[in-house]
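Okay, so here's the structure we're looking at.
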Amino acid sequence: MPDFVSTRRDVLKTGGALLVTFTLAATACSALAQSSARNKTVASDQVDAFLSIDADGQVTVYSGKVDLGTGLRTALTQIAAEELDVPLDQVNLIQGDTALTPDQGPTWGSLSIQNGGMQIRKAAATARKALAEMAAQRLGVSAAGLRIEDGSIKAGDRSISYAELVGGSTFSLKVDKDAPVKDPALYAIAGKSVPRVDIPPKATGHFTYMQDFRVPGMLHGRVVRPLAIGAKLENVDGSSVNDVPGFVKVVREGNFLGVVATTEWGAIQAARKLKATWSKWEGLPERTHLWEHVRATRVNSDEISSNVGNSANALSDAPKRISATYDFAIHTHGSLGPSCAVVEIIEGKITCWSASQAPHRLRNQLAAMMAIPLDNVRCLYIEGSGCYGRNGHEDAAGDAALLSRAVGGRPVRVQWMRADEHGWDPKGPPILVDLRAGLDRAGQVVAWESESFVPEDGLKPVPLVAATLAGLPSATEPPLQYVRAKFQNVFAENSAIPYTLANVKTVAHLLAETLFRPSWIRSPGRLQSTFANECFMDELAASVEADPLEFRLAHLDDARGIELLQRLTTLAKWQNRPSPQKGGGGIAQGRGISYVKYELGRTYVGAVAEVEVDRRTGEISVQRFFVVHDCGQIINPDGVKNQIEGNIIQTVSRTLKEEILFDRSAVTSLHWATYPILTFPEVPDVIIELIDRPNERPWGAGEPAATIVPSAISNAVFDALGVRLRSVPFTPVKVLAAIEGH
Amino acid sequence: MPTSVSLDVNGRAVTIEVDDPGMPLLYALRDNLELKGPRFGCGLGQCGTCAVLLDGEPVLSCETPLTKAANKKVVTLEGLGSPEQPSPVQQAFIDEQAAQCGYCLNGMIIQATALLAKTKNPSIPQIKKALADNLCRCGTHLRIIRAVQRAARNA
Ligand code: FES
Ligand code: FES
């Protein structure tokens, strides 16, 4: 049973560098014990950066993309095993270790298979080609006459294994972009619902999550955050915790405050008892005036995401004009297990274990904060509780680094408490979208304009809380390779629409500031944009009494999109009629559709939501979601379904219930009672149809299905009641207000 | 003053020395005994990830003082089965691939085990009700429900 977790039990001293081997993963041990591991390259143009084959023929894949609880480990293993023609159990995977794995960028944006997996596929294809050439030479035959099976290359009845060819040494080859990849028609492992390797240990308490990770001599730390976000630490009474058993130290650096103890309970008690006074700070706007505040925030620049024809003229000429404003609340990631990290510092070298989605970025940030050369920082990924974007893990690592430094570099584990997580993880920012459209007499949309108000920060690393509080730097400039060609700002994605119209202009106003540290939570920007666009499309359909699905088809010029919507019509047994439907009763029923082409360039998703709304209480119950999903080539169908189910259910939760509460000083919804999420009795059924296209490139599935949820629900509520919900979350209070105002 | 508390954990008699007898059972299991099944999620009794069976009944170990477990039988996720020999409920979760991150699984499997001990063939609403206080952030609910149904069928 692989343990998946690297520890320091066996430390190879090689030229002063620390190399870490693996405890229970015997296979990985042997891979790493090879000389190649000592100076292992992480340069992403090298095959050796991604792959090694040991003397027993065991393949090790090195992935810079990490499994955030999505099943990525299994999928990447399938890709490598398929391309190399070795059985699955002959492939081990090491992920997110800045000393061993290439920097493939953060695990974000639904790119882990699409980009990360394809880099691994190319490296494996290059390796396979090289192995075949070596075998041809050794066997004295032409490469064309060889067969490859189970890690062996065969010519007639003679064969030579990968282990015999390269076992234990390196390939020393550049990844060849033109190396032939396997014909998908021959796939035996990729494209199959291979069971996930991590579920048996997870179901039996044998899996080591980040929160379980321990190193010898480890101390426990807890942070004590300011009572107000911008408050100054005025006074700390260290004597208030002297009698806490196991207490080691109070650590204060600027406004950063924490405690260290020998036991976890000691650290918790000390953090609770520590007496500190903070200055008053009331820099947040009134929550009741949040949207006025957003609208009034200074705009730094505009990003035009689409501009076709002349929308201003077309709009003023249109016989029918409609406008609306949509808003989407501030959300927390709300990982079920709060963030956790362990840091130790030996002879000026930092080792950091965390569940960060971006170990390479974290390494930059820790080096900057601690004023240590980058080469002296190593970050290792250990899977934590589900991660849906840049949450608090990096911050816990920053906290642990400052605490470790204060106790002479001894390893310190920082486990955030629930209030630290809800209160201090970076937030999905508040987003506001204004839309205007014009229709002609035939009911066709002739003009579309939108303006979204989004934070500017885009793709830059989120500053570490510890660095900000302590007044230290934390490397906020994006490393060059992450800057996208298309948009600088992720929050502007999908503000352009997937429909073909004569006159369109969509603009994102990039705001100079936002309330809390903004970050990307499962489909940042695309979620909010798709909510606004797909609800507004429904408004337009309703204004001309058109069937909303047919109305979309009438504006769509995209063969894959059209096929998807047609299949959705069948799957959901869609009845052609306009919304709202007539009918009364205390419990109103409705259906709503939504469609997205992710970033207008990849994964297609279409969905129909069926809801029941209680007119008396304003409660929405989402009964079921029908989803058709096309992400090109599918690596693991059950894995994709699992991601879709998760996207739908999590986003139903966000749509119906979630909203960060705050006063003028800080977040006030600090636990699950004040930030409720969807529970079992409220969960809808999810019926999925996957469109598999083995000969296309694979696209992401980790986020796209989230984007269609709020609009599908809003459109279903309109179908049920004839009222339009334009503000997430759709709480009963808002539903009742909408009914009343109708 | 350090206190000793004796209890039975997964069939093994253990004695735990603590400075604070009010310390929740969760920390004794995770830190003193290095168990990984019971998990810290909120420490407030709101999420269910820390559940264990105490004399056969599911309790939240984050709000159960260690002293309350004195001389009682505690069963954790590890006590139900192992990767090689999972319990029927654990096997059903594996068969249904009922996990994304899996952080909530401890609470889900402990609650489901307790439910099935009392209710042989629970309906879907009964399953949902039994798990209503257990949060899952990844949205694995449907698979978890299917896993409980499968475990009931296989029992
Ligand atoms: S950790 Fe015990 S209920 Fe959340
Ligand atoms: S599977 Fe991640 S919290 Fe349930």
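The values are calculated or read from the model by the stated rules, or taken from the named source; none is laboratory data. What you see is a predicted model, and the numbers here were worked out from it, not measured in a lab. Don't worry about glycine lacking a Cβ; one is built from the backbone with ideal geometry, like all the others, and counts go over all protein chains shown. Keep in mind that these areas ignore ligands, DNA and RNA; they rest on the heavy atoms of the full protein, side chains included. Shrake-Rupley method; radii C 1.70, N 1.55, O 1.52, S 1.80 Å.
Observations, loosely collected:
- Expressed as a whole percent, the proportion of Cα-Cα pairs in chain B lying more than 25 Å apart is 27%.
- Quotient of Cα Rg and 2.2 N^0.38 Å for the range A:141-240, N being how many residues it contains: 2.16
- In the context of the full set of protein chains, chain A has a per residue accessible area of 34 Å² (1.4 Å probe).
- Cross-linked pairs A:182/A:202; A:202/A:460; B:36/B:73; A:177/A:597; A:129/A:154; A:641/B:129: Cα-Cα separations exceed 22 Å for A:182/A:202; A:202/A:460; A:177/A:597; A:641/B:129.
- C-alpha center-to-center spacing [the range A:234-286, the range B:6-65] in angstrom: 26
- 10 Å-binned pair-distance histogram of the range A:60-200 (Cα, whole percent): 11, 41, 34, 12, 2
- Sequence-distant aspartates and glutamates (8 or more away, or on other chains) whose Cα lies within less than 17 Å of residue A:122: A:45, A:48, A:82, A:83, A:85, A:103, A:133, A:176, A:178, A:183, A:696
- P(r), alpha carbons of the range A:190-344 - 10 Å bins starting at zero, rounded %: 8, 19, 21, 18, 18, 10, 5, 1
- Of the DSSP H helices in chain B, those whose Cα atoms cover at least 15 Å axially and whose Kyte score averages 0.0 or more: B:105-118
- DSSP-defined beta bridges in chain B - what % are antiparallel, rounded to 5: 90
- Each part reduced to its alpha carbon centroid, the range A:298-368 and the range A:139-173 end up 47 Å apart.
- Volume per residue that the Cα convex hull of the range A:266-315 spans, once the total is divided by residue count, Å³: 218
- Taking each residue as 0.36 nm, the span from residue A:291 to residue A:500 lengthens on full extension beyond its C-alpha to C-alpha distance by 72.1 nm.
- Value in Å of the Kirkwood radius, where the protein assembly as shown supplies the Cα pairs that are averaged: 28.5
- The mean sequence separation of alpha-carbon pairs under 8 Å and at least six residues apart, normalised by the residue count of chain A, gives a relative contact order of 13 percent.
- Counting only the Cα atoms, the range B:81-154 fills a convex hull of 79 Å³ per residue.
- The alpha carbons of the range A:237-298 give a radius of gyration and a Dmax of 18.0, 51 Å, in that order.
- Axial C-alpha extent at least 24 Å, average Kyte-Doolittle at least -1.0 - helices from chain A (DSSP): A:118-139, A:526-543, A:637-656
- The Stokes-Einstein estimate for the range A:428-741, based on a Kirkwood radius over Cα pairs and taken at 37 °C with 0.692 mPa s viscosity, is a diffusion coefficient of 161 µm²/s.
- Put simply, the amide H of residue B:9, placed in the peptide plane, has neighbours under 5 Å in B:14, B:74, leaving out anything fewer than 5 places away on its chain.
- Around residue A:256: net Lys/Arg minus Asp/Glu count, Cβ-Cβ under 12 Å: +1
- Calculated FRET efficiency for the pair residue A:674/residue A:460, C-beta based, R₀ 25 Å, to 0.05: 0.25
- Shape descriptor for the range A:676-742: Rg over Rh equals 1.10 (Cα atoms; Rh from the Kirkwood inverse mean 1/r).
- Over the range A:563-665, relative contact order from alpha-carbon pairs under 8 Å, at least 6 apart, %: 22
- Rel. contact order, % - alpha carbon contacts under 8 angstrom, at least six apart, the range A:237-319: 21
- Longest site-free stretch - chain B; sites: GluC sites (Glu not before Pro), DSSP loop, at most 15 other Cβ within 10 Å: B:85-155
- Counted charge near residue A:226, where neighbours are those whose Cβ lies closer than 15 Å (Asp, Glu -1; Lys, Arg +1): +1
- Calculated P(r) tail over 20 Å for the range A:379-458, as whole % of Cα pairs: 59
- Only alpha carbons enter this Debye calculation for the range A:188-281, each as an equal point scatterer, and the log10 of I(q)/I(0) it gives at q = 0.17, 0.18, 0.24 Å⁻¹ is -0.78, -0.83, -1.14.
- Surface share of carbon and sulfur [accessible, 1.4 angstrom probe, percent] for chain A: 51
- A Stokes-Einstein calculation at 37 °C with viscosity 0.692 mPa s, built on the Kirkwood radius of the range A:584-681 over Cα pairs, returns a diffusion coefficient of 204 µm²/s.
- With a Förster radius of 60 Å applied to the C-beta separation of residue A:239 and residue A:141, the computed FRET efficiency comes to 0.15.
- Computed from the C-beta positions of residue A:133 and residue A:563, the FRET efficiency with R₀ = 35 Å rounds to 0.25.
- The alpha carbon centroids of the range A:568-600 and the range B:115-155 are separated by 30 Å.
- Pairwise burial B:A, computed as accessible area of each alone minus the pair, summed, 1.4 Å, Å²: 4800
- The convex hull built on the alpha-carbon positions of the range B:3-79 has an orientation-averaged projected area of 4.2 nm².
- Rg(Cα)/(2.2 N^0.38 Å) for the range A:297-442, N = residue count: 1.58
- With all protein chains modelled, accessible area of residue A:293 [1.4 Å, Å²]: 60
- Taking other residues whose beta carbon is less than 11 angstrom from the beta carbon of residue A:155, and scoring Lys, Arg as +1 and Asp, Glu as -1, yields +3.
- Rounded to whole Hz, the Karplus (6.51, -1.76, 1.60) HN-Hα couplings of the range B:26-33, x for glycine and proline: 3, 6, 5, 5, 7, 8, 6, 9
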